[in-house]
Amino acid sequence: MSKFWSPLTASLVPYVPGEQPKDKKYIKLNTNENPYPPSPQVLEAIQAVANDDLRLYPDPTCDTLVKKIVQYFELAPNQVFVGNGSDEVLAFAFAAFFNPAKPVTFADITYSFYKVYAEFYQLKADIVPLDEQFKLPLGAFSGRDSGGIVIPNPNAPTAILISLDEIRELLATNPDKVVLIDEAYIDFGGESAAKLVKEYPNLLVVQTLSKSRSLAGLRVGWALGSEELIDGLNRVKNSFNSYTLDRLALAGAVAAFEDEAYFLETTAKVVATREAVAKELRELGFIVTDSAANFVFVSHPDHAAELLFQELRERGVLVRYFKQPRIDQYLRVTVGTGEEMSAFVDALKEIIKR
Ligand code: PMP
């Protein structure tokens, strides 16, 4: 331990993101990136602002992007908050809405960054176990003595979706705490809770350009919520860094919202590939959860997931393995292009048929 660290720094167990390998070129199915490039309009927009203006600070309030998001979700400008990827938006939300007096509720199997944020802000975690099928026992999320609820929809890494009716019920039974719905993967088959924002002042919906818009490298995310919640996020953000996105990210993000056709086309391709690969995997004896995301969560009764992970890696295919209770027999596999998924399935066949 460094003598320079604060006790908090010494106690942290930081999040470890999925590997970005540098040794060789893999078929990269481990971090839920989109296999298709961003819209050409995004690239043009970024190139157009790569000029002398980079000398100047960017717009701290990202007005041009907020306007696009406002139009897209039919909300008001004071119901939108923009950040550097949804990870940053989530970090600000944990700081803004949860406090050490009450724990924050989330599932045992969920996006592992929630635990890290809770530790960073010294919040207790109130953990609800998923049921045997990895479904969210929604009833169990209500009536708890907690300060807030965080749910990704669809959940990660299970890929399982909850319905808008279930979210409504959750909001209605928890009117006094913030219910944060993390919709990083919502465009691959779910119905967004964005339309409930006007109705429920305690709902915060968080989305990103990283997955369905192929822009993980640009780092743009946003939150939708009541004016009160957005105000809270701005207070936290402006106490860290008064700027939000850099000029390149801002221009690219605006352009991403202008090419709906491209977004719809690439998303439909990912969904079709997901369905085809899920079918093939089931035929090979895998258990595959019903995915509404751009990844599948799979397990084989006769083959240890860790070994499959290693053998796939040796064959140049990277998937995600979590050495974690309850899911250590599962792999999370990002949906790539049709060709990438064929190579993945071929490699798997070779491994399991030996
Ligand atoms: N939420 C969930 C559930 C995720 O899986 C991810 C991606 N790792 C994120 C949020 C963060 O995405 P980003 O910061 O790229 O917007």
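Descriptive notes on the structure:
- Within the chain, antiparallel bridges make up roughly 50 percent of the DSSP beta bridges whose residues both belong there.
- The alpha carbons of the range 87-150 stretch over 31, 23, 16 Å along the principal axes, in descending order.
- Across the alpha-carbon atoms of the range 153-293, the computed radius of gyration and Dmax are 17.2, 53 angstrom.
- Modelled label positions at ASN234 and ASP108, each set 7 Å beyond Cα in the direction of Cβ, lie 4.2 nm from each other.
- Rounded Å value of the spacing that divides the Cα centres of the range 298-314 and the range 58-124: 35
- Ordered by the number of other Cβ atoms lying within 10 Å of each residue's own Cβ, fewest first, LYS67, LYS279 fall into the sequence LYS279, LYS67.
- All C-alpha to C-alpha distances of the chain, sorted into 20 Å bins beginning at zero, yield P(r) values of 29, 58, 13, 0 percent in whole numbers.
- Centroid-to-centroid separation of the range 208-269 and the range 323-354 [C-alpha atoms, Å]: 31
- Under 5 Å, built H, 5+ apart or other chain: amide partners of GLY148: THR105
- Applying D = kT/(6 pi eta Rh) to the range 16-112, where Rh is the Kirkwood radius over alpha-carbon pairs, T corresponds to 25 °C and eta to 0.890 mPa s, the Stokes-Einstein value obtained is 137 µm²/s.
- Placing a pseudo-label 7 Å from each Cα along the Cα-to-Cβ vector at ALA268 and GLN71 gives an inter-label distance of 2.2 nm.
- For the range 96-109, putting each phi into the Karplus relation 6.51 cos²θ - 1.76 cosθ + 1.60 with θ = phi - 60° gives couplings of 6, 10, 10, 9, x, 5, 9, x, 10, 8, 8, 6, 5, 10 Hz, in residue order, rounded to whole numbers and with x for Gly and Pro.
- Full extension of the chain between ASP165 and LYS323 yields a length gain of 53.5 nm, computed as 0.36 nm times the residue separation minus the alpha carbon distance.
- Sites matching chymotrypsin sites (Phe, Trp or Tyr not before Pro) across the range 1-74 that sit in DSSP coil, with at most 15 neighbouring C-beta atoms within 10 Å: PHE4, TRP5, TYR15
- Charge dipole of the chain (Cα centre as origin; +1 on each Lys and Arg Cβ, -1 on each Asp and Glu Cβ, all else neutral): 860 debye, rounded to the nearest 20.
- Under the Debye formula (equal points on every Cα, no solvent term), log10 I(q)/I(0) of the range 83-123 at q = 0.20, 0.25 Å⁻¹: -0.58, -0.87
- Efficiency of FRET between GLN310 and GLU260 - r from beta-carbon atoms, R0 45 angstrom, step 0.05: 0.65
We did not get these values from a lab; they are worked out from the coordinates using the rules stated. Quick caveat: nothing in here was measured; it's all calculated off a predicted structure. Note that each Cβ is placed from the backbone with ideal geometry, even for glycine, and that neighbours are counted across all protein chains shown.
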